[in-house]
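Student: Sharing a structure with you now.
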Amino acid sequence: AICDAAERLSESQTGALMVLERRTNLSEIVRTGTEVNGEVNPEVLSTIFYEGTPLHDGAVVVQDGMIKAAGCVLPLSNNLDLGKDMGTRHRAALGIAENSDAISIVVSEETGIISMAVNGKLTRFLDAKKIEKTLLNLYLSEEKEEKVMFFGRIFDRKGKTNDAGK
């Protein structure tokens, strides 16, 4: 739904900023916005970011597969290497990715270009398929890492050598 929304917003050159919470709790960020607790779907996201609506300028935060809040304020990146063609939305997308493990997806209202910030790095010129592939890779590798850690703890408790991570 996030990939589809990003593509639709890109086609209509509607500015958007979506943040996906991972391990770092974003409750402080959520408090800066308006609580939504709604389903993640392209229609809801398009409505939130439609220019002129009260929440369109801030970020949407997605927690546990739900839109937790909209109109949220994010920390801005101080990265001086960002081009002049990238404004506050891009600086906010990168800022949250520098200050947490969250993933942010930003759509430029001027160009419709979709970008994604992960681990303090901004990748531009994405489409729905590239976003989906990146998200799947991130979440699948995270899931694999959690399983390795889980099995590592089991082996440690039994007093055996922990080779689970190899």
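The values are calculated or read from the model by the stated rules, or taken from the named source; none is laboratory data. All figures in this text were calculated on a predicted structure; none of them were measured in a lab. Don't worry about glycine lacking a Cβ; one is built from the backbone with ideal geometry, like all the others, and counts go over all protein chains shown. The area values use the complete protein model at the heavy-atom level, side chains included, leaving out ligands, DNA and RNA. Shrake-Rupley method; radii C 1.70, N 1.55, O 1.52, S 1.80 Å.
Student: Would you pick out the residues in the range 102-135 that are part of a loop (DSSP other than H, G, I, E, B) and open to solvent by 30 Å² or more (accessible area, probe 1.4 Å)?
Tutor: Once the filter is applied, which keeps residues that are part of a loop (DSSP other than H, G, I, E, B) and open to solvent by 30 Å² or more (accessible area, probe 1.4 Å), the range 102-135 yields Glu109, Glu110, Thr111, Ile113, Asn119, Asp127.
Student: Look through Val44, Val40 and report the one residue that is within 26 Å of Lys121 (Cβ to Cβ) and among the hydrophobic types (A, V, I, L, M, F, W, C).
Tutor: None of the others qualify; the one that does is Val40.
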